[in-house]
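**Q** Mind looking over this structure? Questions follow.
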Amino acid sequence: QVQLLESGGGLVQAGASLRLSCAASGSTFSSYVMGWFRRAPGKEREFVASVNWSGSSTVYANSVKGRFAISRDNAKNTVYLQMNSLSTEDTAVYYCAAARRSVRVATGYDYWGQGTQVTVSS
């Protein structure tokens, strides 16, 4: 079992930056692929980014590539999502999730946090 708790969301203006954190507890954090997903109002949940167990390999959705960066600190059992150049289209609830292998689909993730709201105003 892995428990995940996101933090760092908030209300920012377009062009600003935010860093989300996801603290994990329970089972061995370093054995999991960690991912970030988001769900915008009226839309399906979508993949944002993932990072492998060591942090050496990352995958991004095209919509965030070059603006967002995922990283992890296994010593702190925490995964981060640095979000730069935010736009109103990034407004969503952001979720972190843990999986046994690197996948882009939500069904491949076994554990989920409760989400943190990110709102970007124009």
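The values are calculated or read from the model by the stated rules, or taken from the named source; none is laboratory data. Note that the coordinates shown come from a computational prediction; the quantities given were computed from them, not determined experimentally. Glycine also receives a Cβ, built like all others from the backbone with ideal geometry; neighbour counts cover every protein chain displayed. Calculation scope for accessible area: heavy atoms of the full protein, side chains included, ligands and nucleic acids excluded. Shrake-Rupley method; radii C 1.70, N 1.55, O 1.52, S 1.80 Å.
**Q** State to the nearest 20 debye the size of the charge dipole of the chain about its Cα centre, where the only charges are +1 on K and R beta carbons and -1 on D and E beta carbons. Mind dumping the intermediate values first?
**A** On the way: 12 positive and 7 negative charges, 39 e Å.
Dipole magnitude for the chain comes out near 180 debye.
**Q** How much of the accessible area of the chain, in percent, comes from carbon and sulfur atoms when a 1.4 Å probe is used? Let's see the in-between values first.
**A** Working: 2860 of 6120 Å².
Carbon plus sulfur share of accessible area: 47 percent.
**Q** Which loop trypsin sites (Lys or Arg not before Pro) in the stretch 48-114, with loop taken from DSSP, have no more than 13 other Cβ atoms within 10 angstrom of their Cβ? Write down the numbers at each step before the final one.
**A** Working: sites: 65, 67, 72, 76, 100, 101, 104; in loops: 65, 67, 76, 100, 101, 104.
Qualifying residues, ordered by number: 65, 76, 100, 101.
**Q** Taking a spot 7 Å from the Cα of residue 67 along the direction of its beta carbon, which residues of the stretch 10-42 have an amide N less than 17 Å from it?
**A** Counting backbone N atoms under 17 Å from the label point, the list is 10-20, 36-41.
**Q** Here's another thing I want to ask about it. Counting heavy atoms of the protein chains only and a 1.4 Å probe, report the per residue accessible area for the chain as a whole number of Å². Don't jump to the answer; show the numbers that get you there.
**A** Details: 6120 Å² over 122 residues.
On a per-residue basis, 50 Å².
**Q** Quote the FRET efficiency, to the nearest 0.05, computed for residue 16 versus residue 101 with a Förster distance R0 of 25 Å and r equal to the Cβ-Cβ distance. It would help to have the intermediate numbers written out before the result.
**A** Working: r = 34 Å, r/R0 = 1.35.
Working from the Cβ atoms, E equals 0.15.
**Q** With a cut-off of at most 16 other beta carbons within 10 Å, and DSSP calling the residue loop, which GluC sites (Glu not before Pro) in the stretch 1-106 qualify? Please list them.
**A** On the way: sites: 6, 44, 46, 89; in loops: 44.
For GluC sites (Glu not before Pro) across the stretch 1-106 that sit outside H, G, I, E and B with at most 16 neighbouring Cβ atoms in 10 Å, the list reads 44.
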